[in-house]
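The values are calculated or read from the model by the stated rules, or taken from the named source; none is laboratory data. Owing to the predicted nature of the structure, the values given are computational and were not obtained by experimental measurement. Neighbour counts are summed over all protein chains in view; Cβ atoms, including those assigned to glycine, are modelled from backbone coordinates with ideal geometry. For accessibility, only protein heavy atoms count, side chains too; no ligands or nucleic acids. Shrake-Rupley method; radii C 1.70, N 1.55, O 1.52, S 1.80 Å.
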Amino acid sequence: MHLLIPAAGSGSRMKAGKNKLLIELEGESLIYWTLKSILSSSSISWVGIIGQPKDKELLLNSVKNFSNQVKWINGGETRQESVFNGLNSLPKDAKKVLIHDGARCLINPELINKCAAELEKNEAVILATKVTDTIKIVDNKGFIKETPNRQYLWAAQTPQGFLVDSLKKAHKMAIDKNWIVTDDASLFEMLNWKVKIIEGNYSNIKVTSPIDLKIAKLFLKDSYT
Ligand code: CTP
Ligand code: MG
């Protein structure tokens, strides 16, 4: 199975003054840990890393010996553009693809394998967890409009997996129609195409804000010491 890693963000919410994937955690860069899990997954045979050209040297150096096991792809202004560039750089024989955010460095190889296995049986899959908070939909004046039934709420994660041709088609449609989304499954939903939920685990956080670094450090310590 082919896997693409969007890694071309700027990490503005992390406020580290650089791409958050270059931040060091337990002696290695954040992206190193993400890649280590991916390359330990028996189902993954090809990996593309999508990054900003200005980060190329630093990102590839920070993953050390893994760098010769990945293909470099230039990213875009938004995550959506970065993934589209990734899709266009896949080898011709790639029929299905998993997309996994570089920022989710606590993913484990078993969950990646589970997504790959489910993608063999479904056209599109995503990892997600049941929401435990009560979620409010709020108007632009800061007042609650409604509370959706929590029974139907799931928090989307990555990996997300798709048939390459379908995902390309969805991305092209999005460009035509100016759809802006923060994950790939959203495009399938807008087209009324089915996406299967796979229950993941709560530790697979997206490292976004400084507090997430503390959590990631604790988990990495646990797994590797
Ligand atoms: N990403 C990307 N290309 C972009 C923007 C984001 O490949 N133009 C990637 C990020 O590197 C990250 C993933 O998409 O691995 C999820 O995005 P997010 O957590 O929002 O990361 P950033 O965009 O870097 O952070 P922020 O939104 O706080 O600036
Ligand atoms: Mg972002």
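What about K71, is it more than 18 Å from A103 (Cβ to Cβ), touching a Gly at 6+ places or on another chain (Cβ under 8 Å) and among the charged types (D, E, K, R)?
Working: more than 18 Å from A103 (Cβ to Cβ): yes; touching a Gly at 6+ places or on another chain (Cβ under 8 Å): yes; among the charged types (D, E, K, R): yes.
Here the answer is yes, as K71 does meet what is asked.
Only residues that are within 30 Å of K121 (Cα to Cα), within 16 Å of ligand 2 (Cβ to nearest atom), not in a helix (DSSP H, G or I) and not hydrophobic (A, V, I, L, M, F, W, C): list them for segment 1-51, please.
P6
Can G76 be described as in contact (Cβ under 8 Å) with a residue 40 or more places away in the chain, buried (at least 20 other Cβ atoms within 10 Å of the Cβ) and not aromatic (F, W, Y)?
When the stated conditions are applied, G76 does not pass them.
When you go through S37, S29, S62 one by one, which is the residue that is within 18 Å of N204 (Cα to Cα), open to solvent by less than 40 Å² (accessible area, probe 1.4 Å), within 15 Å of ligand 1 (Cβ to nearest atom) and free of Cβ contacts under 8 Å to residues at least 60 places away in the same chain?
On the way: S37 fails: free of Cβ contacts under 8 Å to residues at least 60 places away in the same chain; S62 fails: within 18 Å of N204 (Cα to Cα).
Among S37, S29, S62, only S29 is within 18 Å of N204 (Cα to Cα), open to solvent by less than 40 Å² (accessible area, probe 1.4 Å), within 15 Å of ligand 1 (Cβ to nearest atom) and free of Cβ contacts under 8 Å to residues at least 60 places away in the same chain.
Return the residue satisfying two criteria in turn: it lies in segment 52-84 and is touching a helix residue (DSSP H, G or I) at 6+ places or on another chain (Cβ under 8 Å) and of a type in the set (S, T, Y), and of such residues it is nearest to ligand 2 (Cβ to nearest atom). Give the steps one after another, and end with the answer.
First, the residues of segment 52-84 that are touching a helix residue (DSSP H, G or I) at 6+ places or on another chain (Cβ under 8 Å): 55, 58-64, 66-67, 69-70, 72-76, 80, 83-84.
If we keep only those that are of a type in the set (S, T, Y) too, we end up with 62, 67.
Numbers: S62: 20, S67: 24 Å.
Ranking the candidates gives S62 first.
Given the criterion assigned to a loop (DSSP other than H, G, I, E, B), in contact (Cβ under 8 Å) with a residue 12 or more places away in the chain, of a type in the set (K, R) and in contact with a strand residue (DSSP E or B) (Cβ under 7 Å, 6 or more places away or on another chain), identify the matching residue among K114, K194, K206. Walk me through how you get there before you give the answer.
On the way: K114 fails: assigned to a loop (DSSP other than H, G, I, E, B); K206 fails: in contact with a strand residue (DSSP E or B) (Cβ under 7 Å, 6 or more places away or on another chain).
Going through K114, K194, K206 in turn, the sole match is K194.
Filtering segment 174-191 down to residues that are open to solvent by less than 30 Å² (accessible area, probe 1.4 Å) and part of a helix (DSSP H, G or I), which residue is farthest from ligand 1 (Cβ to nearest atom)?
Filtering segment 174-191 for residues open to solvent by less than 30 Å² (accessible area, probe 1.4 Å) gives 174, 181, 183-188.
In the following step, the residues that additionally are part of a helix (DSSP H, G or I) were identified as 174, 185-188.
Numbers: A174: 15, A185: 14, S186: 13, L187: 15, F188: 18 Å.
Only one residue tops the list, namely F188.
Restricting attention to segment 101-113, does a residue exist that is more than 14 Å from ligand 1 (Cβ to nearest atom) and buried (at least 20 other Cβ atoms within 10 Å of the Cβ)? Working first, answer last.
In the first step, residues of segment 101-113 are kept if they are more than 14 Å from ligand 1 (Cβ to nearest atom); the result is 108-113.
Retained after the next criterion (residues that are buried (at least 20 other Cβ atoms within 10 Å of the Cβ)): 111-112.
Yes, segment 101-113 has at least one match.
Determine which single condition H171 fails, assuming it passes every other condition in (1) closer than 25 Å to G51 by Cβ; (2) open to solvent by 90 Å² or more (accessible area, probe 1.4 Å); (3) of a type outside the set (F, W, Y).
(2)
Can you tell me how many residues within segment 127-164 are in contact (Cβ under 8 Å) with a residue 60 or more places away in the chain and either open to solvent by 40 Å² or more (accessible area, probe 1.4 Å) or not in a strand (DSSP E or B) (or both)?
Qualifying residue count, segment 127-164: 3.
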